Amino acid sequence: MDENITVKTSIDGLTLDKVSVWEQRYIKLGENEYPASLPIRTGFENSIKGREELFDKVKEPYLSAILSVWGAEPTVEIQ
């Protein structure tokens, strides 16, 4: 990735059952940063499938922060 482009991540709406993760790319021009993309918001639920997706898509330290609230076991059962 270009050294002038960064990705900022934010955790939103973290509960025992779900979380929303925002990511947005920024470009640095001189001393200023400008959005280089629209924010991408992805929701995950604390189910077996949701946890698999979370491990695939969310990087540290955000992954550990979410799992510290969710605990070791899923709380949502998909039927």
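The values are calculated or read from the model by the stated rules, or taken from the named source; none is laboratory data. The model shown is predicted, which means the values in this text are computed figures rather than measured ones. Here the Cβ positions follow ideal geometry from the backbone for every residue, glycine too, while neighbour counts run over all protein chains shown.
Residue by residue, here is whether (1) of a type in the set (Gly, Ala, Ser); (2) without any contact (Cβ under 8 Å) to a residue 24 or more places away in the chain; (3) surrounded by 13 or more Cβ atoms within 10 Å (Cβ to Cβ) holds:
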| site | (1), (2), (3) |
| --- | --- |
| 3 | no, yes, no |
| 7 | no, yes, yes |
| 12 | no, no, no |
| 17 | no, no, yes |
| 22 | no, yes, yes |
| 26 | no, yes, yes |
| 29 | no, no, no |
Filtered residue count, segment 1-35, keeping only those that are over 30 Å from residue 70 (Cα atoms) and either touching a Ser or Thr at 6+ places or on another chain (Cβ under 9 Å) or β-branched (Val, Ile, Thr) (or both): 4
Inter-residue pairs, beta-carbon under 6 Å, first of a type in the set (A, V, I, L, M, F, W, C) and in segment 57-79, second surrounded by 15 or more Cβ atoms within 10 Å (Cβ to Cβ) and modelled with pLDDT of 95 or more, 6+ apart: 58/21; 66/19; 69/14; 70/46; 76/45; 76/46; 76/47; 78/47
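If you scan segment 69-79, which residues turn out to be surrounded by 10 or more Cβ atoms within 10 Å (Cβ to Cβ) and of a type in the set (S, T, N, Q)?
Filtering segment 69-79 down to residues surrounded by 10 or more Cβ atoms within 10 Å (Cβ to Cβ) leaves 69-71, 74-76.
The one that is surrounded by 10 or more Cβ atoms within 10 Å (Cβ to Cβ) and of a type in the set (S, T, N, Q): 75.
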Test: residue in segment 43-54 that is assigned to a strand (DSSP E or B) and exposed (fewer than 14 other Cβ atoms within 10 Å of the Cβ): yes
Identity of the residue in segment 34-79, in contact with a strand residue (DSSP E or B) (Cβ under 6 Å, 6 or more places away or on another chain) and among the polar types (S, T, N, Q), that ends up farthest from residue 9 (Cα to Cα): 37
